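Q: Structure incoming, see below.
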Amino acid sequence: MTSARENTNGSGLPPVPSIPLTAESAAKIAEETSIGGLVRDATAHLSTLVRAEVELAKSEIAGEVKKGLKGSVFFVLALTVLAFAMFFLFMALGFGLNDLFGLGLGWSFLITFGVMLFTAVAFGFLGYRKVRKIKAPKRTIESAKDTVAALRNRGDGS
């Protein structure tokens, strides 16, 4: 004998156990069920509630993530075009050094390559410094440990 009734809503979703909401049904269940059964039912109801909340969050987030991915495609395309355009910028820099200072094409493009290499190393170093500062979320971990400890010690006489 269980206190949960199956909910059929016709939406194509699997049935979700429902929690009795009237005082009469709760009193009747309390009279017919042992303390262990009540704890089992409460645990099942809590589990059902958590699963329903997680499913709701997943469905809402999935829709927003799809919108974000569709929008990010345009950013990726823009960055791709920019990357190919940079080739022409560096070509112009190489030819410009040749025309401006009378250097040979070889030296002009070698200087251009040096500027590009220095820029890449500088940005790589800045990125490394930022990534190195990433730490574990200590407060969240401590909070989760406290919650687990509180749930474990809850039945120890409190």
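Q: For region 70-158, which trypsin sites (Lys or Arg not before Pro) pass both filters: DSSP loop (anything but H, G, I, E, B) and at most 10 other C-beta atoms within 10 Å? Don't skip to the answer; put the middle values down first.
A: On the way: sites: 70, 129, 130, 132, 133, 135, 138, 139, 145, 152, 154; in loops: 133, 135, 154.
Listed in order of number, the matching sites are 133, 135, 154.
Q: Further question: Going by how many other Cβ atoms sit within 10 Å of their own, how do 112, 140 line up, fewest first? Let's see the in-between values first.
A: Details: 112 20, 140 9.
Placing the least packed residue first, the sequence is 140, 112.
Q: Could I ask something else about it? Please give every one of the lysines within straight-line cross-link reach of residue 138, meaning a C-alpha to C-alpha distance under 23 Å, and leave out same-chain neighbours fewer than 8 residues apart.
A: Here the lysines satisfying the reach criterion relative to residue 138 are 130.
Q: Which of the listed residues, 52, 63, 75, is farthest toward the dipole's positive end in region 25-158, when Lys, Arg count +1 and Asp, Glu count -1 at the beta-carbon?
A: Checking the options against the dipole of region 25-158, the answer is 75.
Q: Please list 3J(HN,Hα) in residue order for region 99-109, calculated via the Karplus relation 6.51 cos²θ - 1.76 cosθ + 1.60 where θ = phi - 60°; whole Hz, with x for glycine and proline.
A: For region 99-109, the Karplus curve yields 6, 6, 10, x, 6, x, 4, x, 5, 4, 6 Hz.
All of the numbers you see were taken from the coordinates with simple rules; none came from a lab. The structure displayed is predicted, hence computed values, not measured ones. Don't worry about glycine lacking a Cβ; one is built from the backbone with ideal geometry, like all the others, and counts go over all protein chains shown.
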